[in-house]
1. When the C-alpha atoms of the chain are aligned to their principal axes, what extent does each axis show, in angstrom, from largest down?
2. Work from the charge dipole of the chain (Cβ charges, +1 for Lys and Arg, -1 for Asp and Glu, about the Cα centre) and give the residue of 324, 118, 289 farthest towards its positive end.
3. Would you mind checking 91/116; 41/302; 103/225; 219/256; 116/219 for any pair whose Cα atoms are more than 30 angstrom apart?
4. In whole angstrom, note down how far apart the Cα centers of region 299-334 and region 216-293 are.
5. Nearest 500 deg cm²/dmol is fine: what mean residue ellipticity at 222 nm does the chain get from its DSSP H runs of n ≥ 4 alone, each adding -39,500 (n - 2.57), divided by its residue count?
6. Charges on Cβ only, +1 for Lys and Arg, -1 for Asp and Glu, centred on the Cα centroid of the chain; of 105, 251, 33, which one is farthest towards the dipole's positive end?
7. To the nearest 20 Debye, how big is the dipole of region 4-84 about its Cα centre, given +1 on the beta carbon of each Lys and Arg and -1 on that of each Asp and Glu?
8. In nm, give the distance between the simple-model label positions of residue 134 and residue 49, each being 7 Å from the Cα along the Cα-to-Cβ direction.
Amino acid sequence: MTKNPMIEQLIEAHLEFLNDAFSQDANIQSEFLNFYHWFRKQPLQSLWSFQQVNDLLQKQILATPASASLIDQITDHIRLALAHDANETTKIEDVIPVLTIDKIAQYVASKSSHRKALIHRIVNNPAFSNTLTQLIHHSIQDYIDNSVMNKKVPGVGRFMKMGKSVLESVTDSNLDDTVKHYLQKNIIRISQLSEQVINQQFDDEKLYHFQANLWHKIKQVPLSKLRDYIEVSDLPRTVGMGHEIWEHLRQTDYLKQQVHDGVYTWYVRNQDKSFDSILNDINIDESLVQHQLQALLEPIIKTMIGSDYLKQRARFYLEQFYYSEKAQSILTQT
């Protein structure tokens, strides 16, 4: 393309004008706010369709695996949080408000029907029955074999052994099998009794006081005690296992459908709203834009101007314009 001296002068003048205009803080602030004022009035559906929003989230959240670098950063941040010096002087009550704990305790204690249903399911689970049977059996066996009286009262040990032998001869079975048979036969009744006892021990009032007493025991504990229950050296492994769960979950049809339906519900609810209302829902208002977001973006714009990046990009488009047939025809008329 043959360079035209007059056009080159016009381009340079144009670039100089733009550079001077955007080098002034007031102009940057004004343009930024003008764009925000325009953007905030646009209805959601006038700019983005549901399909565009859904496709973006499906691709970026579900279809894109987390990078190894991101996993490492998550691990490092958890490690830093657990090992932070402030944990030594910060107590649990410093970060969790006592009034919220009390509300939680009252809420949990008030859910008696849910609690009873949960206890019923646990007590009637075969695993609970088996555990209870073994516990009672071992307790009886331990009592017979290692009774305190056997050790402290002369002759009692021989008496206990004689009683065991008599019982075994009468039942035509050893005591161990007899006890097991009894427990297996009566485990349903024993489980029902266990359920009654557990419900009595965890009624609304007792459960509330149990939670309150637990809070008073732990509220003065420093946050550094968390390291007693979390192996910091195992974080790469534990975070990795969490990542494996996410890797599987994000590829399931279940989660894809959940994201689709969640986005659709949100879009239908907000499609007629302006972005001003939508942004306010996530605490972004004009004050935030003017005093914080704008302050973050201004240095970026200034750096772009100072590095000649904007000048180079502007030159590219100005050349396209000034050397176009339409502009050439206008210039040749002068």
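1. The Cα atoms of the chain stretch 129, 45, 39 Å along their principal axes.
2. 118
3. Those over the limit are 91/116; 219/256.
4. 43 Å
5. Only helices count here, giving -24000 deg cm²/dmol.
6. Value: 105.
7. Numbers: 4 positive and 9 negative charges, 132 e Å.
Roughly 640 debye for region 4-84.
8. 6.0 nm
Laboratory data are not the source of any read-out in this text; all were calculated from the coordinates shown. Computed from a prediction, not measured in an experiment: that's the story for all the values here. Virtual Cβ from ideal backbone geometry, glycine too; neighbours counted across all protein chains shown.
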